[in-house]
Amino acid sequence: MKPTLPFANLRIVDATNSWAGPFTTQIFANLGAEVIKVESIQYMDTWRASGNLGDNQDAYWERSPLWNSVNTDKLGITLDLNDPRAKDIFLKLVKISDIVAENFTPRVMKNFGLDYPALQAINPGIIMISLPAHGATGPWKDTGGFAASIEQTAGIPMLTGYPDGLPKMSSAGFTDPIAGINGAAAVLTALLSRQKTGKGQYIDLSQVEATTSLLGDAIVDYSMNGQIPPRRGNRHPFAAPHGYYPCKGEDKWLALAIYTDAEWQKLCRVMRQPELTRDPRFATADDRYRHQDELDAIIEQWTRQQEHYTAMHRLQKAGITAAPVLNPQELLADPHLAARGTYSKVDRKIMGEHPYPVPTAPLKLSGIKAKIKLPAPLLGEHNEYVLGDILGLSPDEIQQLAKDNVIGKRPLGM
Amino acid sequence: MTKALGKYKVIDISRGIAGAYCTRLMAGFGAEVIKIEKPNTGSPLRRLRPFKSNVPGIENSGLFIYLNTGKKSLTLDITTATGKQIFLELARRADAVIEDFAPGEMARRGLGIRALQQINPKLVLTSITSFGQSGPYKNYRLNHLGAWGMSGARYNDGTPGVKPVQIGGWLTHYITGLFANAGTLTALYDRELNGKARRVDVSMLESVMLITCYPTTIYAYRGLVHNAVSKERMGIFKCKDGYIGLNLYGRLNFELLCSFLGLTEMLTDPRFSTPAAIFEHFEEARAIIAEKVKDREKMELFKSGAEWRIPIGLVPDVKEILESPQHQARNFFETVKHPAAGAVTMPGAPFKLSSTPWQLTSPAPLLGEHTREILTGELGYTPDDIVRLRERGVI
């Protein structure tokens, strides 16, 4: 049968951890690739402890909301790569795979004897992607990094927050998925190249560079004019009003922005304050920009009486750009996202059924209803399938590996 | 040199940052990208900051230059019958079209997916919108502020009741462009293998939500609306000559920091004895630390912190980023000479491919710079046609 999902013919060996690398491979897994996530009982993906703070329960490593959400649709095996048998298994997998992904600091794969030249020697078509914090070369290559330090180093905080306050972090850890989606694009670019040449290649993705690339205009400002763009709080370079306004209820907000005179007049009508359209302080875009503190106060008086969702519907129907700030509960119940299949429910052992974001929801392909088919794997869940069914190891060999702690299903010492 | 996307021709009729960033990545890896702009006024990006010498002008926008380096510019009024005809001729020869009109607008102009795939069944169409092509909000619009707000990103920072703050720059638009790029490449790959050309429906809201999705899964598991994990890390502090970031992951980092700053009394203080206690007394903890770092220099803190194995981060501004020894060693920045703006230094490859490297060989195009070349070339228009088209305002 012809594969129906775009990546149904691809197999990926996934030695990544935390969120960046796993997000790269998750895009492929969600659209049909067989992704084999490699951990070990000596060294689990550290992200298995992420976000389950305060839960002091059995098998805590299976309870991370974050790990469980970014490893859906993957198979999971354990391999202690310090053991020559494990390394041999890893290489056997590489031989029958298309892509190898990892995001250690550069020395790790080299120390295992699993750097790109070693992999290419056994499979010239293999595409290998590394996503270390600072890239695979340069003086900082061995400096590790976490989402927070990468966000700082990439330059985002100096452009975020109020001009008279501290630089602000997103706190979303989002440089990981930013690097991750770049990684997916990089692998796809290499795959399209391989279609022509039959040859794989090595991809060196610095999480910092991938993120700083999203600030190109600010970099160019300094290059062209020697000036450092200011933090602008919730302001816009020329549109006003522009900000988050408090709504009815506790901690409810509405994002609202006015770009043109026509929009301003519509806003005055929606707020039932037509006299404002004749107020000279707000007549033109420049006037509104100069008097935006006064404008904010006027708008806030109105928004405090409004439900944030209702205000969005009324304003959007009038042609004004407005959006409620949605909390997790509201996101999970939002009718638009429900209609789009943005979240997908899946049952996972130990945890039960929960909704998870569909990793390819932002890039829907016609003819494909993307959903999550498999929950994130338990530690070593697919050892028998991958080692036995795919690689042909005998039950005795697999049992011996388990006895020697080369593979396993519980972290050592737990 | 080999180009990974060398055989692809891409028509970019988008107006925003997302579409332009999507095709920037394709141009960098060798695709031929033709940017279609409105005659006379050009892409709306040309009217956005920064401007060379702070003087607005159609050829002066640093944002436009960054996003469109390596592309060609063709002016075309697709609301005219001839303009539409020319667009269809371009689409017939293209592999992908990238657009960001409101849902249904291309179809109303007779340039929807059906019309396009009728003349070119192998054409991938990538459509970028605020909310996607379907769903109850599909005709609503989002901007940077709205997308960041609606995504729920602020529920990462554990500050209920405090007004949210938008993320800096135009990050949400760029992020949407990244998903548009990955989606377009997925569709091209699928076409190579399965022969089927798909429509890619890219939604800004879903793009931003996905990369800030911590809180929804945590809520689904634990019923927590405000995820305050980030508070453990302490965040950014003012020091003598700038700022530093403390990125404490786990108790060990906290203990090391307290010893490093001579704050060992914090370790026995019940207010800071557990992560939960620290969350509760977060501002007090920050105040004590702030007092200790405010008179120290950032480089000294960064370097001695590294010796103590405490994850202290520098918080560079764009000038310091341009001077980063790591970026310089990796040749991350490239300088492109632009006929109007002069030499412009900008980020180069967002990722490095070993045998098909990034290469942008031409500066961002002047408005309509390649109109004549493209029309008289493979489309076969004569110089007389060009004059007539120009007089009628089609190009």
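The values are calculated or read from the model by the stated rules, or taken from the named source; none is laboratory data. Computed from a predicted structure; not experimentally measured. Cβ placement follows ideal geometry from the backbone for every residue including glycine, while neighbour counts extend to all protein chains displayed.
For the reader, a short list of remarks on this structure follows.
- Helices (runs of 4 or more DSSP H) completely within region B:99-190 that count 3 or more residues being closer than 29 Å to A:PRO6 by Cβ: B:105-108, B:113-119
- Against the conditions (1) of a type outside the set (D, E, K, R); (2) more than 10 Å from chain B (Cβ to nearest Cβ); (3) surrounded by fewer than 22 Cβ atoms within 10 Å (Cβ to Cβ); (4) within 19 Å of B:GLY152 (Cβ to Cβ), A:PRO355 satisfies every one except (2).
- Residues satisfying the stated conditions in region A:1-55, i.e. among the aromatic types (Phe, Trp, Tyr), modelled with pLDDT of 95 or more and assigned to a helix (DSSP H, G or I): A:PHE23, A:PHE28
- Residue match in region B:340-350 (condition: more than 30 Å from A:THR197 (Cα to Cα), of a type in the set (S, T, N, Q) and in contact with a strand residue (DSSP E or B) (Cβ under 8 Å, 6 or more places away or on another chain)): yes
- So A:ASP88, is it over 30 Å from B:LYS303 (Cα atoms), among the charged types (D, E, K, R), out of contact with any Asp or Glu (no Cβ under 9 Å at 6 or more places or on another chain) and in the same structural domain as A:VAL208 (by TED's automatic domain parsing): yes
- The condition of being farther than 30 Å from B:HIS173 by Cβ, modelled with pLDDT of 95 or more and either within 12 Å of another protein chain (Cβ to nearest Cβ) or loosely packed, with under 15 Cβ neighbours inside 10 Å (or both) holds for only one of B:ASP190, B:ASP241, that being B:ASP241.
- In region B:51-68, the residues that are more than 13 Å from B:THR345 (Cα to Cα) reach residues that are of a type in the set (A, V, I, L, M) and assigned to a strand (DSSP E or B) with C-beta atoms within less than 9 angstrom, at least six apart or across chains, in these pairs: B:ASN68/B:VAL33.
- Residue match in region A:78-89 (condition: in contact with a Ser or Thr (Cβ under 9 Å, 6 or more places away or on another chain), buried (at least 22 other Cβ atoms within 10 Å of the Cβ), closer than 30 Å to B:THR216 by Cβ and at pLDDT 95 or above): yes
- Scanning region A:155-170 for residues that are facing chain B (nearest Cβ under 8 Å) and either of a type outside the set (A, V, I, L, M, F, W, C) or more than 25 Å from B:THR172 (Cα to Cα) (or both) turns up A:GLY155, A:PRO157, A:THR160, A:GLY161, A:TYR162, A:PRO167, A:LYS168, A:SER170.
- Which listed residue is within 14 Å of chain A (Cβ to nearest Cβ), of a type in the set (A, V, I, L, M, F, W, C) and touching a residue at least 24 places away in the same chain (Cβ under 8 Å), from B:ILE218, B:ILE289: B:ILE289
- Wholly within region A:68-142, strands (runs of 3 or more DSSP E) carrying at least 3 residues that are out of contact with any His (no Cβ under 7 Å at 6 or more places or on another chain): A:99-102, A:127-130
- Those residues of region B:300-316 which are free of Cβ contacts under 8 Å to residues at least 12 places away in the same chain and part of a helix (DSSP H, G or I), in sequence order: B:GLU300, B:LYS303, B:ALA306, B:GLU307
- Elements of the type helices (runs of 4 or more DSSP H) sitting completely within region A:155-251 and holding at least 3 residues that are more than 18 Å from the chain's Cα centre (by Cα) and touching a residue at least 24 places away in the same chain (Cβ under 8 Å): these cover A:175-197.
- Within region A:252-265, restricting attention to residues that are more than 30 Å from B:LEU25 (Cβ to Cβ) and within 27 Å of the chain's Cα centre (by Cα), the residue that is farthest from the other protein chains (Cβ to nearest Cβ) is A:LYS252.
- Of all residues in region B:141-182 being among the hydroxyl-bearing types (Ser, Thr, Tyr) and crowded, with 24+ Cβ neighbours inside 10 Å, the one that is farthest from the other protein chains (Cβ to nearest Cβ): B:THR172
- Any hit, region B:346-354, residues being more than 15 Å from B:GLU232 (Cβ to Cβ), exposed (fewer than 15 other Cβ atoms within 10 Å of the Cβ) and in contact with an Asp or Glu (Cβ under 6 Å, 6 or more places away or on another chain): no
- Selection status of B:ALA102, within 26 Å of the chain's Cα centre (by Cα) and under 30 Å from B:LEU360 (Cβ atoms): no
- Here B:ASN227 clears all of (1) polar (S, T, N, Q); (2) without any contact (Cβ under 8 Å) to a residue 60 or more places away in the chain; (3) outside any helix (DSSP H, G or I); (4) buried (at least 24 other Cβ atoms within 10 Å of the Cβ) except the condition numbered (2).
- Residue in region B:324-343 that is within 14 Å of chain A (Cβ to nearest Cβ), more than 30 Å from B:THR23 (Cβ to Cβ) and either modelled with pLDDT of 95 or more or assigned to a loop (DSSP other than H, G, I, E, B) (or both) present: yes
- Tally of residues being of a type outside the set (S, T, N, Q) and over 23 Å from A:MET351 (Cα atoms) across region A:376-414: 18
- Flag if B:SER207 is in contact (Cβ under 8 Å) with a residue 12 or more places away in the chain, facing chain A (nearest Cβ under 8 Å) and small (Gly, Ala, Ser): yes
- Single residue of A:GLN207, A:GLN152 found to be more than 7 Å from every other protein chain (Cβ to nearest Cβ) and either over 30 Å from A:ASN234 (Cβ atoms) or touching a Gly at 6+ places or on another chain (Cβ under 8 Å) (or both): A:GLN207
- Count of residues meeting criterion [more than 15 Å from B:ALA364 (Cβ to Cβ), more than 20 Å from the chain's Cα centre (by Cα), part of a loop (DSSP other than H, G, I, E, B) and not charged (D, E, K, R)] in region B:11-61: 5
- The listed residue being in the same structural domain as B:GLU300 (by TED's automatic domain parsing) and assigned to a helix (DSSP H, G or I), out of B:LEU263, B:LEU246, B:LEU257: B:LEU257
- Number of residues in region A:71-116 that are among the charged types (D, E, K, R) and either in contact (Cβ under 8 Å) with a residue 60 or more places away in the chain or touching a Leu at 6+ places or on another chain (Cβ under 7 Å) (or both) equals 9.
- Among the residues listed as A:LYS364, A:LYS369, the single one being crowded, with 19+ Cβ neighbours inside 10 Å, basic (Lys, Arg) and within 12 Å of chain B (Cβ to nearest Cβ): A:LYS364
- B:THR268 being touching a strand residue (DSSP E or B) at 6+ places or on another chain (Cβ under 8 Å), farther than 20 Å from A:ALA133 by Cβ and among the polar types (S, T, N, Q): no
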